[in-house]
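Contents: one structure, followed by commentary.
The values are calculated or read from the model by the stated rules, or taken from the named source; none is laboratory data. Keep in mind the model is a prediction, meaning the values are calculated, not measured. Heads up, the Cβs are rebuilt from the backbone with ideal geometry, glycines too, and the neighbour counts pull from every protein chain shown.
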């Protein structure tokens, strides 16, 4: 089985990096900001606060920044190396899925199928190249539940500590994954004779270690997180506050349908959702299994967070895809005992559906997360190359229209990595003041520089009126020479009016 798992890891890694060489990597403000922060850490500027969360005052753990220091150091700031690093850990999660299923069921066939489905899961391949902090939860969440199961079956304190530690690291990955405390607590209470108070305290010790930097950050920055929690629990999220109970239920089951679909039948969300419903109903009504409640708690873990405003985040269920693959593996293993032919057909359909979506969608980046799919690293590099090459080696200046508005963070990161490394110098800057924002290291344009460029990001998220303002402002100080489009990113080459 070790050889088979090794082969699955190789295939998983290859399919996760199928389009890495074409730079099908979404790279926007968040990714650029993170790369700049990681560079500062590498240069000795220690950080204790992680990326900002969606609620005011809340921040994710700082672990993600330190996780990226190795690939950014090895790759001299290259997002490509960082993506390969991320995909390696995603591929190794195949082992976690296999052993979690095996320790639950003692069924090698079900465990192999679970690992096989995760290997080619469309969702897993999307997370594997998504340069964002929730991606780490792909392996930390199943590690949490694996440790929890071993704690309650083998009754050893090391697994209690690991349960708390991996839960803490999951919360480091995405603060809102704190919702896993609810199903884990339920399982501990149900098995209180096995878990014991002492071992529960060990688990809390592990949790404390896992979220230690979050606690230090809260102390240093004046307990901003408390205000963020008050904001959530008092209906600060206006979208969530406008919903009825029935709306929340519909949203929750829609998210579940997407979860099942993106892991099992991504070519059709409706059929994927129906298949997920069949799996759950079969599992609930099947013969008593000692792990039934455990797996159901894992599958439905994100229910509490929906009522606090977790409505549209596509990554809210990160890490639960492993449970979906395990449930499917158990189901088809059971079918195999009754009809090998039907089981093989189902395996083929699941693999075909996932591979089909991988070949269709992954060439366009991390499509299930990105609201601006045109912001691919390939397009950004083409823009940077164009500005250098069309200026014929002469110094030039840039201005950008971006989302978030007027923040040059993305382009500063790409020019500092690809532009400086490849061409030996950075452009000047003639846009709005960037003082106090990430990536403020482009020098103000000297009077002698006449090569100007205006880079306009894809219009999604940018009000049209501001694009007009930017062009009018450029027209007042430079003449348009030519305009080019790079996959939805517009670049105007201009000459300064003397």
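Quick notes on this structure:
- Scanning region 363-376 for residues that are surrounded by 20 or more Cβ atoms within 10 Å (Cβ to Cβ) and more than 27 Å from residue 484 (Cα to Cα) turns up nothing.
- Selection count, region 244-279, where residues are more than 19 Å from residue 369 (Cβ to Cβ), part of a loop (DSSP other than H, G, I, E, B) and at pLDDT 85 or above: 2
Per-residue answers, yes or no, for (1) in a helix (DSSP H, G or I); (2) at pLDDT 95 or above; (3) assigned by TED's automatic domain parsing to the domain that holds residue 120:
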{"position": "310", "(1), (2), (3)": "no, no, yes"}
{"position": "317", "(1), (2), (3)": "no, no, yes"}
{"position": "322", "(1), (2), (3)": "yes, yes, yes"}
{"position": "331", "(1), (2), (3)": "yes, yes, yes"}
{"position": "350", "(1), (2), (3)": "yes, yes, yes"}
{"position": "355", "(1), (2), (3)": "yes, yes, yes"}
{"position": "369", "(1), (2), (3)": "no, no, no"}
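- Every residue from region 1-44 that is in contact (Cβ under 8 Å) with a residue 24 or more places away in the chain, within 21 Å of residue 65 (Cα to Cα) and not in a helix (DSSP H, G or I): 25, 26, 27, 28
- The set of residues from region 148-177 being free of Cβ contacts under 8 Å to residues at least 24 places away in the same chain and either assigned to a helix (DSSP H, G or I) or outside the structural domain of residue 100 (by TED's automatic domain parsing) (or both) comprises 154, 158, 159.
- Exactly one residue out of 127, 145 is buried (at least 22 other Cβ atoms within 10 Å of the Cβ), touching a residue at least 40 places away in the same chain (Cβ under 8 Å), farther than 15 Å from residue 366 by Cβ and in contact with a helix residue (DSSP H, G or I) (Cβ under 6 Å, 6 or more places away or on another chain): that is 145.
- Here residue 393 clears all of (1) crowded, with 22+ Cβ neighbours inside 10 Å; (2) free of Cβ contacts under 8 Å to residues at least 60 places away in the same chain except the condition numbered (1).
- Residue check for residue 431: over 21 Å from residue 480 (Cβ atoms) and not assigned by TED's automatic domain parsing to the domain that holds residue 24: no
- Here is the figure for region 57-77: residues that are touching a residue at least 12 places away in the same chain (Cβ under 8 Å), at negative phi and more than 18 Å from the chain's Cα centre (by Cα) total 2.
- Flag if residue 32 is buried (at least 22 other Cβ atoms within 10 Å of the Cβ), more than 24 Å from residue 141 (Cβ to Cβ), under 19 Å from the mean Cα position of the chain (by Cα) and at pLDDT 95 or above: yes
- Residue match in region 57-76 (condition: assigned by TED's automatic domain parsing to the domain that holds residue 344, part of a loop (DSSP other than H, G, I, E, B), under 23 Å from residue 263 (Cβ atoms) and at pLDDT 95 or above): no
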